[in-house]
Amino acid sequence: MTADSIRNAALFHFAKDGYEGASLRAIADEVGIKKPSIYAHFSGKEDLFMHTLVHAFHEVQRHTLEYFRDHAHLPLEERLRGLLAWFEQEYQDHASARLMLRNCYYPPPELYSQVMDLVYPFLDGMERTLSRLLQRAIREGDVPPVPAEQVAIAYMTFLDGITVEIIYGSSRRYKRRLDAAWPIFWNGIHSLNEKAHPIVPGGD
């Protein structure tokens, strides 16, 4: 019996029932061991939860990078909008995404600092990845010259604003928000460029 087997069972239970609701006994039963055997690998529920959450963040990060790699042939707009649709499906399909997302919004109060030490580097890494994608797209003429870092932050804010529907709403409500808000967001990127480079009437 390995720590990985216990962690994988814990991933399902923590994603389904949360930190407070998950039971070490239920996790042990799923693995086929006695509850005390968990303590051979983890010091307790808190330790198991944090190891499982770290694993979930790594899994989501890996899947996100794979998404960008597999869709590198698409125009940037399609990749960015597609990522939002993909993320909702990732939440439905993978316990790692469910565990990560729920704890971004509602970490256990007693583990708040430890969880935020995972959340903020993850979000900062996403912003850096998006900034690099935007800078490359600008160089290639896929999008007009815009402040890449500002747009990356705005995109993450957009994602944060509709993600609440994944947790509390439904796929239909999520898609409705995405369809309504995306054209405004994308057109706003172009308006940033127009403000920075206004068209002067009668100019050459």
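The values are calculated or read from the model by the stated rules, or taken from the named source; none is laboratory data. Just so you know, these numbers come straight off a predicted model, no measurement behind them. Positions of Cβ are backbone-derived with ideal geometry, glycine not excepted, and every protein chain shown enters the neighbour counts. For accessibility, only protein heavy atoms count, side chains too; no ligands or nucleic acids. Shrake-Rupley method; radii C 1.70, N 1.55, O 1.52, S 1.80 Å.
In this structure, is Tyr155 open to solvent by less than 30 Å² (accessible area, probe 1.4 Å), over 21 Å from Thr129 (Cα atoms) and either assigned to a helix (DSSP H, G or I) or at pLDDT below 90 (or both)?
Against the criterion (open to solvent by less than 30 Å² (accessible area, probe 1.4 Å), over 21 Å from Thr129 (Cα atoms) and either assigned to a helix (DSSP H, G or I) or at pLDDT below 90 (or both)), Tyr155 does not qualify.
Pick from Val54, Val60: which is within 18 Å of the chain's Cα centre (by Cα), among the β-branched types (Val, Ile, Thr) and more than 23 Å from Leu133 (Cα to Cα)?
Val54
Whether any residue in the range 31-48 is closer than 21 Å to Phe122 by Cα and buried (at least 16 other Cβ atoms within 10 Å of the Cβ) is what I want to check.
Yes, because at least one residue in the range 31-48 is closer than 21 Å to Phe122 by Cα and buried (at least 16 other Cβ atoms within 10 Å of the Cβ).
When residues of the range 73-97 are filtered for being touching a Leu at 6+ places or on another chain (Cβ under 8 Å), of a type in the set (Phe, Trp, Tyr) and open to solvent by 20 Å² or more (accessible area, probe 1.4 Å), how many remain?
Total meeting the criteria: 1.
Taking the stated definitions as given, is Leu101 closer than 27 Å to Ile184 by Cα and touching a Leu at 6+ places or on another chain (Cβ under 6 Å)?
no
If you check His58, His51, which single one turns out to be at pLDDT 95 or above, farther than 17 Å from Ala97 by Cβ and open to solvent by 80 Å² or more (accessible area, probe 1.4 Å)?
On inspection, the qualifying residue turns out to be His51.
Just to check your reading of the model, which residue among Ile138, Ile166, Ile184 is among the aliphatic types (A, V, I, L, M) and within 15 Å of the chain's Cα centre (by Cα)?
Ile166
Determine, yes or no, whether Met126 is free of Cβ contacts under 8 Å to residues at least 40 places away in the same chain, within 30 Å of Leu48 (Cβ to Cβ), open to solvent by less than 60 Å² (accessible area, probe 1.4 Å) and in a helix (DSSP H, G or I).
The answer is no for Met126.
Any idea which residue in the range 12-34 is farthest from the chain's Cα centre (by Cα), counting only those that are among the hydrophobic types (A, V, I, L, M, F, W, C), assigned to a helix (DSSP H, G or I) and under 16 Å from Leu111 (Cβ atoms)?
Selected residue: Leu24.
Open to solvent by 30 Å² or more (accessible area, probe 1.4 Å), among the small types (Gly, Ala, Ser) and in contact with a helix residue (DSSP H, G or I) (Cβ under 8 Å, 6 or more places away or on another chain): does that describe Gly141?
no
Take the residues of the range 1-11 that are touching a Ser or Thr at 6+ places or on another chain (Cβ under 9 Å) and in a helix (DSSP H, G or I): which is most open to solvent (accessible area, probe 1.4 Å)?
For the range 1-11, the residue satisfying everything is Asn8.
Using beta carbons and a limit of 9 Å, which pairs, at least six apart or on different chains, have the first residue in the range 61-75 and closer than 16 Å to Met156 by Cα and the second one open to solvent by 40 Å² or more (accessible area, probe 1.4 Å)?
Within 9 Å, the pairs are Thr64/Trp86.
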